[in-house]
Each structure stands twice: as C-alpha cells, then as structure tokens.
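Taking it in order: structure first as structure tokens, then the write-up.
The values are calculated or read from the model by the stated rules, or taken from the named source; none is laboratory data. None of these values were measured; they are calculated from a predicted model. Methodologically, a virtual Cβ is constructed for each residue, glycine included, from the backbone with ideal geometry; neighbour enumeration extends over all protein chains shown.
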Amino acid sequence: MRYGMVIDLKRCIGCRACVVACKAENGTTPGIFWREVLQKEYGEYPAVSRTYLPRPCMHCEKPLCMEVCPSGATQKRDNGIVWIDDAKCIGCRYCMMACPYEARYYLPKLTPYYPQGFTPYEKVAYQRHKIGTVQKCDFCWHRVEQGLNPACVDTCLTGATYFGDLDDPASEVSQLIASRHGFQLYPEAGTNPSVYYLPP
Amino acid sequence: MMPTVTWPLVASRQREWRYLILFAFFLGGAGAGMFFLSYFLEYKLGIILSLLVVGIGKGGCHVLYLGKPLRAWRAILRPQSSWLSRGLIGVLLFLVFGSLYLLLPGIRDTGVGRALAALGLFSAFWVMIYTGFLMARSPAIPFWNTALLPVMFTLYGFISGLDGILVSLIVAGEGSIGVGLHQLEVVEALLLLAALVLLGVYLMTMYTASPGAKMATLLWLKGDLAAYFLGGVILVGLLMPLGVLSYSLLSGNSLLVLASVAGFLALLGGVLFRWCVLRAGVYNPLV
C-alpha cells in the first residue's frame, strides 16, 4: 500500500479552505503552512487567468529528506507516509535544504496568533509541536489510521483533492492519474512524489 | 494572515543556513587546510591553531546552531546516507588523529607516528571537502548541486589554511616554518589564481544549468549579493591579495607584513565566498 494524493487543478478555486483546515486540524503556528496554495497569473488584461497549486508534503517514494537526515528522525512508514520523529530531530535543517518542494518548516519558538496571548485552542494544539525541530505535513496520520481522510481532503469545497492507495490500480486516485494524465512536480529531482496533479 | 505565494517561486531562497553555518563551514575548511599545510611546513603553532579552530570554532558553531544542541551526538548516526553524519565523523577523527600527532612527538618518526600523520592528513582533507558534497546533495538548490562545489570548497580550504598560516607568522616569526616565505607567497598566488579561474568556470556553468541556478548567478553578478561577491570575494579576496603578492614577489624581497596582509585579505574573501554560496541558495521553480 502506498498512500497518495491527487489534486485536480481544474477544480481548485484557490479558496484555501484546505490551508485553514490543515491549520485547524494540526494547530500549526504562525508562518508555518504544512499545506500551502501557490498561485500564478497568466496573461494581461483583459485576458487574464489564474491557476492555483495546493502544495502539501509530497511524501516521496525516495525522500531526499530521509536520505540526508543525520539522526534518523525522518522516516517512512510501510504505507508510504513520510514522518518526522521529533524525539530524534536535532534541528540541523539539512532536510530543508534537500527538499525540492520547500515543504518542511523549522519551529524556533511557539508564538500565538493574537497579541493577547495563547488562546485555549493554541494551548492544547501547540503541545504536539516541539521547539527546535523540523515539521511538515504527515497526511493527517492520526486521522488516516482511524480510517478517515486527511483534513484537507474532507474540507475541499470543490472536491479537488483525492486520497487513496496509489498501489491499487482500481483505486480512485490511480484511475484519475491514468485517465487524466496526472503529473508530478519537479520529477527530475528523482524523488517520485506521492502527490499527483491533474492538468487545469 | 495567509501569504499570497506565486509560482514559480521567484528567487525563493533558503533562509535557514546563515551566520553560524557560515562560520562552521569556514572555520572547518580553514582549520583543516591549516593543519594539512602546517604538517608539511613543520609548523607546530599552525597545527595547534588548526585543532582549536576546528574543534572549538567549527564544533561550537555547529552545536550552537542546532535546534536541540543536547542531541548533537545523534548527528553521526547515519553515515550510510547522510553527508552530515559522514562529515562530522570525519571531524571527530581529525580531532583525534591530529591531537595524537601533536601530543606524541616522540613517535613521529615511527611507523605508528607516520600512520597517525597520514590519518590526520586524510581526515583534514575530508573536513575540507565534505561540506561541498553535503551541499551538492541538494537537487532542490541547483546552484549547490554541482561537482564543482566540493572542488571549490577544498581549494578555499587550502587558501584559507595558508592565509591563516601567513597571518599567524606575524606572531610566530618566519623562522617557524620549514620553507622560505617566498615559496609560500608563490603557492598562495597560484591558489588564488586557481580560485579566480574556478569561480569563472562555476558561474559560466551555473548560468546555463537551470532557472534556479541562473537566478542565483545573477544574484552574485547583479543582485543583492553583487557587492559581497564582486567587491568582497573577487576584489578584496582575490585581486587585492594577488596585487600585494605580485609586488612582494616582483620586488625580490618578500616581506612578512605584506604576505600577512595578503593572507588577511584572502581570509576575508574566503568568508565572503562561503557567505555568497549560502545566500544564493535559490530553490528551483516547481513548475
């Protein structure tokens, strides 16, 4: 089994509900976006268009972050999900240099979103984040192991994000990739990402 | 507030490796180069300084930089895949072999002594070269992803090592080394010329390598790093020392103060070179 994600760029409207859902689910601190939405404008007025590109961690089959990690903190589960053991991370940030997708973030300190201080939600949610370590999207593993989808998948308003087993040719994600010519970002890096995009 | 991020990520640069990593890399290269050259020059002060520079300077900077310094020992756990582990193991071995060589002068002419020296030299070379491999392993940052980087870092290791020796001779005196000052000046000049050529080759290669590499090259030549690179690395770090050395060599009377000035200028250039490489770490656009 190899978990993967398919993102339909034709459906994505750039609402960033997935970004907010990720933040709410995982309690990330200001400036850290485990899932970002990149955007690009094409053309000139009056013929202008915009495309959005959600960018979670790619959970690569050959993750460079795992290769360069000196402490063994970055690991890959049997189901393909790449995760970070924050009890082993030394905060050297070599993985951040190696990741072609800039999907990793270093946590120097815990900061509240509001000047009044930490909200009750932040006081609880921030407990899982360890200062001085690197963190990233983990496909909401705590949900996936309960049979749920990652938060971004369930929240997507237009149904642009799919999640499933890339090793199962009958799965929805595999069939979408095959029928709609799904592509990966920066394939020349040789990492074989588990996140595919359907052309806009 | 959520950022509006455009793609391709225009000139998106790495922001994490800055001053402490700069000095860790610089002190490691300079210290190891100093050890390597001091061995052949029979320069005891150079060997002592090199071990201090690498052990306390490089080691201290690395540990201070970590998000979890108390876990620093974990950094050597994955030499099978991580250049960081391989390099730091090399640093430790260098400190051990180098210290033993220094502390056991009585056995230097024995087989064990010569083996210690060889291991010390090999590990010193490793300390110089590994940071180049470490950075070159990032296809994400094409300006670093080249076989030229380990070569340049090693060359600058030798240059900075020799610079350190030239500067320290102000205190130790010319008689502390086993060769004449004139010969050191010739070697320094040749190394600086080699650096000039290699930098030219590096920039020509990177300009056509990929969009990210081209962006980084332009940062060095026309962007916010131009002052550091053209003014610092090239002018202060290479051309001015070459000018001073040329005057000293052509006058036929090598003066220690001139050689030390050239060494000091080239040392500054060595620091700025590594700074420019780190700051030009531009990620390749994703699409």
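One line per residue, one yes/no per condition, for (1) assigned to a strand (DSSP E or B); (2) within 14 Å of chain A (Cβ to nearest Cβ); (3) surrounded by fewer than 18 Cβ atoms within 10 Å (Cβ to Cβ):
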residue: B:MET206; (1), (2), (3): no, no, no
residue: B:MET215; (1), (2), (3): no, no, no
residue: B:TRP220; (1), (2), (3): no, no, no
residue: B:LEU245; (1), (2), (3): no, no, no
residue: B:LEU249; (1), (2), (3): no, no, yes
residue: B:GLY269; (1), (2), (3): no, no, no
residue: B:TRP275; (1), (2), (3): no, no, no
residue: B:LEU278; (1), (2), (3): no, yes, no
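Criterion applied to B:LEU103, B:LEU20, B:LEU95 was being in contact (Cβ under 8 Å) with a residue 40 or more places away in the chain and over 24 Å from B:VAL277 (Cα atoms), and the one residue passing it is B:LEU95. Looking at segment B:143-153, is at least one residue under 30 Å from A:THR74 (Cβ atoms), aromatic (Phe, Trp, Tyr) and either away from chain A (no Cβ under 14 Å) or surrounded by fewer than 16 Cβ atoms within 10 Å (Cβ to Cβ) (or both)? Scanning segment B:143-153, I find at least one residue that is under 30 Å from A:THR74 (Cβ atoms), aromatic (Phe, Trp, Tyr) and either away from chain A (no Cβ under 14 Å) or surrounded by fewer than 16 Cβ atoms within 10 Å (Cβ to Cβ) (or both), so the answer is yes.
Residues in segment B:77-95 that are more than 12 Å from chain A (Cβ to nearest Cβ) and either polar (S, T, N, Q) or within 16 Å of the chain's Cα centre (by Cα) (or both): B:GLY90, B:VAL91, B:PHE94. Of all the listed residues (A:LEU157, A:LEU110), the sole one being of a type in the set (A, V, I, L, M), within 25 Å of A:CYS15 (Cα to Cα) and touching a helix residue (DSSP H, G or I) at 6+ places or on another chain (Cβ under 7 Å) is A:LEU157.
Residue by residue, here is whether (1) within 17 Å of the chain's Cα centre (by Cα); (2) in a helix (DSSP H, G or I); (3) at pLDDT 95 or above holds:
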site	(1), (2), (3)
B:VAL112	no, yes, no
B:GLY120	no, yes, yes
B:THR131	yes, yes, yes
B:SER138	no, no, no
B:THR154	yes, yes, yes
B:ILE159	yes, yes, yes
B:ASP163	yes, yes, yes
B:VAL171	no, yes, no
B:GLY175	no, yes, no
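Here B:ASN284 meets each of (1) polar (S, T, N, Q); (2) in contact with a His (Cβ under 7 Å, 6 or more places away or on another chain); (3) within 14 Å of chain A (Cβ to nearest Cβ) with one exception, condition (2). Restricting the search to segment A:108-133, which residues are more than 8 Å from chain B (Cβ to nearest Cβ) and either hydrophobic (A, V, I, L, M, F, W, C) or within 14 Å of the chain's Cα centre (by Cα) (or both)? Correct list: A:LEU110, A:PHE118, A:VAL124, A:ALA125.
Residue-wise test of (1) within 7 Å of chain B (Cβ to nearest Cβ); (2) more than 15 Å from the chain's Cα centre (by Cα).
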position	(1), (2)
A:PRO56	no, no
A:HIS59	no, no
A:CYS69	yes, yes
A:ASP85	no, yes
A:ALA98	yes, yes
A:TYR105	no, no
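Cβ-Cβ contacts under 6 Å between residues 6 or more apart (or on different chains), taken from a first residue in segment A:33-56 that is under 17 Å from A:CYS140 (Cβ atoms) to a second residue that is of a type in the set (Asp, Glu), are listed as A:ARG55/A:GLU36. Quick one: what pairs do we get from segment B:60-76, first residue more than 7 Å from every other protein chain (Cβ to nearest Cβ), second of a type in the set (Phe, Trp, Tyr) and assigned to a helix (DSSP H, G or I), C-beta under 7 Å, 6+ apart or different chains? Pairs found: B:CYS61/B:PHE23.
Take A:LEU185 and decide whether it is more than 14 Å from chain B (Cβ to nearest Cβ) and at negative phi. Judged against the criteria, A:LEU185 is not a match.
Of all the listed residues (A:ARG16, A:ARG11), the sole one being among the charged types (D, E, K, R), without any contact (Cβ under 8 Å) to a residue 60 or more places away in the chain and surrounded by fewer than 22 Cβ atoms within 10 Å (Cβ to Cβ) is A:ARG16. Taken over segment A:53-104, the criterion of being of a type in the set (Lys, Arg) and in contact with a helix residue (DSSP H, G or I) (Cβ under 7 Å, 6 or more places away or on another chain) is satisfied by A:LYS76, A:LYS88, A:ARG104. Just one of the listed residues (B:LEU258, B:LEU230) is part of a helix (DSSP H, G or I) and either modelled with pLDDT of 95 or more or at positive phi (or both), namely B:LEU230.
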